[in-house]
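Encoded as structure tokens, the structure appears first; notes follow it.
The values are calculated or read from the model by the stated rules, or taken from the named source; none is laboratory data. Predicted model only: the values in this text are computed from it and were never measured. Cβ placement follows ideal geometry from the backbone for every residue including glycine, while neighbour counts extend to all protein chains displayed.
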Amino acid sequence: MYITLCVMTYPPKHRWWAIQQMGLMPRKLRQLPELTFFKWMGTGQGKVFSLKPDFSRYAFLAVWQSESQAKDFFTTAASWQEVQQRASTVRTFALETIRSHGAWNGSNPFQTDSPAEEGTGPIAVITRATLKLRALPAFWRNSYRAAARLEQASGLIYSIGMGEVPYFQQATFSVWESLDAMKAFAYRTADHKEAMRQKEQQQWYGEELFARFVPVPFEPGF
């Protein structure tokens, strides 16, 4: 198993093309047997959840059968070459699962029999949830407060909010300097702790997943 997350940013002249790929690209990706799981997602403005979409930025999360198959796609696939030609930047993360629990569309795509060791270096986290309709007001009210704290969090290297279905199916990706830095935000920030308490008490989610990874080098030229 080999996991990649690509974040693509497009200049104004290619943004309509990028919007169209939300419908077109998944059809092409579904034809690839080497992909065991993928999501082509829009993003929100800022660093985490946002009610305002960012039409310049999109995310491609993929779970490949092997690193070599991922490499073949990123170097030879015509569909990906077109993305690279039109995007102003493509930022790619390669990830090894430490642990993953919960479900994404009914399964856990990151689960592995050979988990990576946590170590003392950077840690990446993916969270994903399908929100219940009745929970939308409370979720978004609390998310804005937690997001403001995240932008000031010590040890945060990178973060982005992503979505499959606007407002209802949301995901975040973040990279931290260390496990301690991530835990300090998750478990010791008052607004985030309160959001987690309300989530459990009010049962906001119909489905949720939390996964922790080791970011690994991603070869230039993929």
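How many residues are among the aromatic types (Phe, Trp, Tyr) and either on the phi > 0 side of the Ramachandran plot or outside the structural domain of VAL83 (by TED's automatic domain parsing) (or both) when one looks only at the range 33-72? It would help to see each step written out before you state the result.
First, pick out the residues of the range 33-72 that are among the aromatic types (Phe, Trp, Tyr): 37-38, 40, 49, 55, 58, 60, 64.
Restricting the remaining residues to those that are either on the phi > 0 side of the Ramachandran plot or outside the structural domain of VAL83 (by TED's automatic domain parsing) (or both) gives none.
Adding up the residues that qualify gives 0.
Does LEU133 count as of a type outside the set (Ser, Thr, Tyr) and farther than 21 Å from GLU207 by Cβ? Explain how you work it out, then say what you get.
On the way: of a type outside the set (Ser, Thr, Tyr): yes; farther than 21 Å from GLU207 by Cβ: no.
So LEU133 fails the test.
Collect the residues in the range 159-170 that are buried (at least 21 other Cβ atoms within 10 Å of the Cβ), within 18 Å of PRO215 (Cα to Cα) and touching a Leu at 6+ places or on another chain (Cβ under 8 Å), keeping them in residue-number order.
Within the range 159-170, none qualify.
Just give me the residues in the range 70-105 being touching a residue at least 60 places away in the same chain (Cβ under 8 Å) and among the small types (Gly, Ala, Ser), in sequence order.
Answer for the range 70-105, where residues must be touching a residue at least 60 places away in the same chain (Cβ under 8 Å) and among the small types (Gly, Ala, Ser): ALA70, ALA87, SER88, ALA94, SER100, GLY102, ALA103.
Can you say whether ARG128 is more than 18 Å from the chain's Cα centre (by Cα) and either closer than 20 Å to ALA211 by Cβ or not small (Gly, Ala, Ser) (or both), as far as the supplied structure shows? Give the steps one after another, and end with the answer.
On the way: more than 18 Å from the chain's Cα centre (by Cα): no; either closer than 20 Å to ALA211 by Cβ or not small (Gly, Ala, Ser) (or both): yes.
Spelling it out, it is not the case that ARG128 is more than 18 Å from the chain's Cα centre (by Cα) and either closer than 20 Å to ALA211 by Cβ or not small (Gly, Ala, Ser) (or both).
So which residues in the range 106-117 are surrounded by 14 or more Cβ atoms within 10 Å (Cβ to Cβ) and touching a residue at least 24 places away in the same chain (Cβ under 8 Å), if there are any at all?
Correct list: ASN108, PRO109, PHE110, THR112, ALA116.
Could you check the range 22-63 and list, in sequence order, the residues that are within 16 Å of ASN105 (Cα to Cα) and charged (D, E, K, R)?
ARG30, LYS39
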